[in-house]
There are 2 protein chains.
Amino acid sequence: MSEIHRASTTAPVNIAVIKYWGKRDPKLNLPTNSSLSVTLSQSDLRTHTTASCSPSYPSSDSLLLNGSPQDVTGARTQACFRELRALRSALEAANPSLPKLSSMPLKIVSENNFPTAAGLASSAAGFAALVRAIANLYELPASPTELSRIARQGSGSACRSLFGGYVGWEQGSQADGSDSVAFQVAPASHWPEMRALILVVSAAKKGVSSTTGMQTTVATSSLFTSRATETVPRRMLEMQKAIQEKDFEGFGKVTMMDSNSFHATCLDTYPPIFYLNDVSRAAIKTVECINAATGKIVAAYTFDAGPNAVIYYLEENEKAVVGVFKAMIGGKDGWKGARGEKVEGNKEGLEAVAKDAGVAVDLLKEGVSRIILTGVGEGPEKTDDSLIDEKGEPTN
Amino acid sequence: MSEIHRASTTAPVNIAVIKYWGKRDPKLNLPTNSSLSVTLSQSDLRTHTTASCSPSYPSSDSLLLNGSPQDVTGARTQACFRELRALRSALEAANPSLPKLSSMPLKIVSENNFPTAAGLASSAAGFAALVRAIANLYELPASPTELSRIARQGSGSACRSLFGGYVGWEQGSQADGSDSVAFQVAPASHWPEMRALILVVSAAKKGVSSTTGMQTTVATSSLFTSRATETVPRRMLEMQKAIQEKDFEGFGKVTMMDSNSFHATCLDTYPPIFYLNDVSRAAIKTVECINAATGKIVAAYTFDAGPNAVIYYLEENEKAVVGVFKAMIGGKDGWKGARGEKVEGNKEGLEAVAKDAGVAVDLLKEGVSRIILTGVGEGPEKTDDSLIDEKGEPTN
């Protein structure tokens with residue numbers, strides 16, 4: 001039996017604080033504006049991927065995600081495979097003693113440690129892990145920056161999951177996308193106190209897909225240009241400064257304003273796109289009340305292309321922020337486990353907030369299906385834990 | 001007993017299709033962009049106002065609205081009184097035989113034929129009627145344009161209620177507001193087929209007041225400038241052309257896009273302002289489904305600073321538009337009366353729509369509290385029906 005080549009990695013989810021919305025090149029996933037995100041801890045949210053190849057494999061590439069075969073013939077996945085094989089092929093040409101992995105079929109197995117249905121940014125972690133795992137398999141000397149250029153072609157925001165900590169994605173100006181890559185603004189260790197509470201909101205139905213939505217926004221929103229060309233460039237600088245200075249109030253204000261700006265351009269799209277619902281708005285109202293009660297910005301909401309709220313806060317304000325939500329919706333799934341159990345419900349805090357938040361409290365009680373407690377974390381990590389055994393079969 | 005001088009008028013509500021949002025001068029209610037509205041029929045929505053004056057009245061001016069005394073010492077009401085008295089005073093100076101009405105206390109009585117609580121634009125009709133009634137009382141030769149300049153100082157959108165039909169409000173450029181006046185784009189008779197279905201949505205609580213909201217938007221929204229300086233000027237021209245050509249598809253598309261643009265700048269405000277709720281969004285979705293089922297734009301939604309939907313349509317499409325809503329929420333208040341009773345529930349239409357509209361149908365069934373059926377109508381009309389009797393007392 002021929003040898004089975006294998007390599008494994010994990011990769012994180014990232015949640016943007018300056019949003020990616022709008023493609024200037026849909027094929028290459030080149031964005032109309034730069035963006036910036038926080039990489040979240042892989043203890044809570046990660047994709048684990050093993051890439052393998054062997055001449056003994058069936059001739060077509062395959063991908064198994066959470067036990068289900070996935071279509072790999074799409075242009076996005078194919079672009080990643082093609083780019084990675086080209087890099088391997090160059091290595092093989094330069095060193096003929098290397099095994100010809102680039103011409104072998106790929107078999108990839110992936111698992112998420114969180115429910116896909118939660119509507120979290122699973123494609124970012126998924127493509128980052130896919131690219132990183134194949135790069136490991138091929139023993140490519142490529143940097144995370146170089147790999148971010150490839151992962152971006154799989155899913156735009158995936159490029160930011162190649163790094164840990166605080167990560168920017170430079171929109172770039174080259175037509176071939178060569179300068180549209182991710183960069184680390186600061187490692188997680190620079191500001192490790194950053195935490196995130198995610199409120200998973202049961203959406204009545206799936207909204208508009210982000211790819212379709214973006215295209216429609218670019219084509220029809222009259223406010224979009226000013227966001228892409230004026231608002232975001234200014235906020236990218238403000239946000240990087242806030243991160244460098246560990247200024248949570250600056251970080252939080254820009255985070256909230258940029259989330260609102262993004263959803264405003266969605267609403268200005270024709271026909272309008274709504275990702276926020278009444279429960280999302282209740283989360284916004286509650287964060288506003290927590291900040292008002294505290295007298296400064298200690299919590300900052302942001303929403304991707306869906307109703308889930310991601311609330312950033314610093315560890316020192318856990319009681320003022322998470323304590324209030326625990327007192328409010330402590331019965332929901334997700335509080336069990338080391339960190340969630342440790343948080344005490346802050347009843348006085350909730351009382352102070354409930355006066356102003358009014359109906360928002362009831363909306364959250366009804367509309368939140370589960371919570372996730374996490375924080376800033378590291379980039380992809382190599383692992384020996386293989387999802388494919390020595391015979392080339394999935395381990396599960 | 002001294003003579004009681006009296007004059008009465010009615011004035012209409014108007015609902016903008018290009019929204020007024022943002023003041024460049026809050027004291028004079030000078031807007032940051034022009035706007036355009038449809039004046040609605042006074043059979044359905046109107047303020048009826050009698051203005052009177054007499055040397056025998058108590059020395060301070062007074063206003064009774066729907067039986068409740070109102071504060072008239074506010075800067076807005078005072079500005080209207082002052083301007084109207086100045087015009088009267090000039091007449092009296094030129095013709096000393098005229099009674100000196102300008103120096104007599106004013107007593108004003110007003111009644112709306114619709115519930116104030118419905119969250120309709122009652123201040124527009126209210127100030128238009130107040131100004132028109134006093135102008136009648138003073139026998140001012142002022143044109144509606146001139147009176148619109150005065151009413152604008154009471155409530156910005158009131159200036160548009162001085163005219164019937166399709167009415168623009170030119171933002172103007174003079175610091176004193178002398179060129180910020182309303183003008184008639186077309187009389188109601190030009191396009192009398194324009195109808196409106198209003199879905200009154202029970203709001204959980206009163207939102208941000210429009211005056212406060214506007215100021216915050218101007219101060220904090222980064223997208224607002226592009227709306228005021230680029231989007232609205234372009235749409236003002238498109239909308240006037242659509243009205244001149246009686247092009248409902250053009251009218252409807254600009255109406256919907258401008259409503260979305262306005263609410264997008266509200267969402268882009270910091271902190272964000274939300275007037276639309278899940279029921280409002282259900283109305284948008286239903287209109288989209290009705291248009292999709294018909295294959296063209298036959299219905300156009302618009303939302304002011306609240307969750308109520310105003311849906312414009314042409315009489316010829318009553319079945320396709322109102323028929324569907326009647327089949328859906330025919331049990332709500334407001335269908336009784338000549339026009340509402342005449343409309344047949346369009347069950348087939350509802351079925352076609354319900355497939356796509358999904359949960360929207362249930363949201364509307366739960367969230368709409370009443371409907372109002374109306375259409376384009378005339379401007380203020382003099383009436384002999386006085387709300388103040390010969391002795392200077394309210395008739396009711």
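Observations
- Whenever a residue of the range A:48-66 is assigned by TED's automatic domain parsing to the domain that holds A:S123, its partners that are among the aromatic types (F, W, Y) and crowded, with 18+ Cβ neighbours inside 10 Å, lying with C-beta atoms within less than 7 angstrom and at least six residues away or across chains, give the pairs A:D61/A:F81.
- Flag for A:I329 being among the β-branched types (V, I, T), modelled with pLDDT of 95 or more and out of contact with any Lys or Arg (no Cβ under 8 Å at 6 or more places or on another chain): no
- The range B:316-331 residues that are without any contact (Cβ under 8 Å) to a residue 12 or more places away in the chain, paired with ones that are in a helix (DSSP H, G or I) (beta carbon under 9 Å, 6 or more apart): B:G331/B:K365
- Pick from the range A:216-271, criterion within 7 Å of chain B (Cβ to nearest Cβ), of a type in the set (S, T, Y) and not in a helix (DSSP H, G or I), ranking: surrounded by the fewest Cβ atoms within 10 Å (Cβ to Cβ): A:Y270
- Search result, residues across the range A:325-364 that are under 21 Å from A:N277 (Cβ atoms) and among the β-branched types (V, I, T): A:I329, A:V353, A:V359, A:V361
- Test for B:A142: is it of a type in the set (A, V, I, L, M) and part of a helix (DSSP H, G or I): no
- Checking B:G349 against (1) of a type outside the set (F, W, Y); (2) touching a Gly at 6+ places or on another chain (Cβ under 8 Å); (3) under 30 Å from B:A125 (Cα atoms), the condition it does not meet: (3)
- Lone unmet requirement of (1) more than 14 Å from chain A (Cβ to nearest Cβ); (2) crowded, with 21+ Cβ neighbours inside 10 Å; (3) within 18 Å of B:S369 (Cα to Cα) for B:A283: (1)
- Condition met for B:A292 (farther than 30 Å from A:T286 by Cβ, at the interface with chain A (Cβ under 10 Å from one of its Cβ atoms) and at pLDDT 95 or above): yes
- Selected residue [away from chain A (no Cβ under 11 Å), outside any helix (DSSP H, G or I), of a type outside the set (A, V, I, L, M) and surrounded by 21 or more Cβ atoms within 10 Å (Cβ to Cβ)] from B:Y301, B:Y312: B:Y312
- Test: residue in the range A:275-296 that is more than 20 Å from A:G358 (Cα to Cα), touching a Leu at 6+ places or on another chain (Cβ under 9 Å) and in a loop (DSSP other than H, G, I, E, B): no
- When B:A204 is tested against (1) at pLDDT 95 or above; (2) more than 18 Å from the chain's Cα centre (by Cα), exactly one condition is not met: (1).
The values are calculated or read from the model by the stated rules, or taken from the named source; none is laboratory data. Just so you know, these numbers come straight off a predicted model, no measurement behind them. Note that we place each Cβ from the backbone using ideal geometry, even for glycine, and neighbour counts take in every protein chain shown.
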